[in-house]
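> Dropping the structure in here first, questions after.
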Amino acid sequence: MPIEIEAKLSVPDLDVVRTRLRELAATPLGSVLETNTFFDSEDRSLLAADEGLRLRKRVDVDTKETKYIITYKGARHQGQLKSRDEVECAVEHDRDAMTLLSRLGFLRVLSFEKRRESWKLGGCSVELDTLPHVGTFVEIEGPSEAAILKVRDQLNLSERPLVKASYIALLMTHLQDRGATVKAVTFENAQQSARG
């Protein structure tokens, strides 16, 4: 089973990171708008086991090409960086995937939008992420902790603390702290709540 190894860092300004990526001659891979929908059983057995089940819709910002991917994430492994088993499979339509997951007993927990700009540097994927409510992040995913930490150093991010929480955990904490009961977090509804 493939293992995902990544470092996630909260950053105040993605432009600074983007400029540094260009200085390092990193390869830009494009931008997408994602909608991530998470599922769990009624008794929240996946959450209890530190596992995740997600349906991701990825829309390419330039071409408008749309892809749908179901992802299972296993419990976190020990280590400095976040690593876990991960299995992904592409599906034809999100509607059919949601129906399948529902028939298997999984309920929709929360969906959220994310803007993602992708780069390649030093054998690693570098993702510049913007999420409603919780801010801007850099995710570095690669073949080993050493490769990831090297890229983190090249990007001048070694002083930034590692964020161990998943995006869904950050968003759920944000919503719970405010007593919000929404099941879909979008950039539009985040702007509306910010206005008042």
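> Being at pLDDT 95 or above, more than 12 Å from the chain's Cα centre (by Cα) and hydroxyl-bearing (S, T, Y) is true for just one of S193, S125, S111. Which residue is that?
On inspection, the qualifying residue turns out to be S125.
> If you take the residues in segment 128-140 that are of a type outside the set (A, V, I, L, M) and modelled with pLDDT of 95 or more, which one is surrounded by the fewest Cβ atoms within 10 Å (Cβ to Cβ)?
That would be G135.
> Related question: Starting from segment 89-106, take each residue that is free of Cβ contacts under 8 Å to residues at least 12 places away in the same chain and list its partners that are loosely packed, with under 11 Cβ neighbours inside 10 Å and among the acidic types (D, E), counting only C-beta distances under 9 angstrom and pairs at least six apart or across chains.
Filtered contacts from segment 89-106: no entries.
> So, in segment 108-122, how many residues would count as being assigned to a strand (DSSP E or B) and either polar (S, T, N, Q) or under 22 Å from R22 (Cα atoms) (or both)?
8
> Another one. For segment 129-163, what are the residues that are closer than 25 Å to S111 by Cβ, hydrophobic (A, V, I, L, M, F, W, C) and in a loop (DSSP other than H, G, I, E, B)?
If the condition is that a residue be closer than 25 Å to S111 by Cβ, hydrophobic (A, V, I, L, M, F, W, C) and in a loop (DSSP other than H, G, I, E, B), then V134, V163 are the ones that fit.
> Give the residues of segment 62-80 that are in a loop (DSSP other than H, G, I, E, B) and loosely packed, with under 13 Cβ neighbours inside 10 Å, sorted by residue number.
D62, T63, K64, E65, Q78, G79, Q80 - these are the residues of segment 62-80 that are in a loop (DSSP other than H, G, I, E, B) and loosely packed, with under 13 Cβ neighbours inside 10 Å.
> Also, I was wondering about something else. Which residues, counting only those in segment 66-80, are touching a strand residue (DSSP E or B) at 6+ places or on another chain (Cβ under 6 Å), under 17 Å from E51 (Cβ atoms) and touching a residue at least 24 places away in the same chain (Cβ under 8 Å)?
Residues satisfying the conditions are I70, K73, G74, R76, H77.
> Right, L101: surrounded by 17 or more Cβ atoms within 10 Å (Cβ to Cβ) and either polar (S, T, N, Q) or closer than 23 Å to T130 by Cα (or both) or not?
no
> Those residues that are over 13 Å from the mean Cα position of the chain (by Cα), buried (at least 18 other Cβ atoms within 10 Å of the Cβ) and assigned to a strand (DSSP E or B), I need them from segment 8-61; list them, please.
Hits for segment 8-61 are F39, D40.
The values are calculated or read from the model by the stated rules, or taken from the named source; none is laboratory data. No experiment lies behind these values; they were computed from the predicted model shown. Cβ sites come from the backbone with ideal geometry, for glycine too, and all protein chains shown count toward neighbours.
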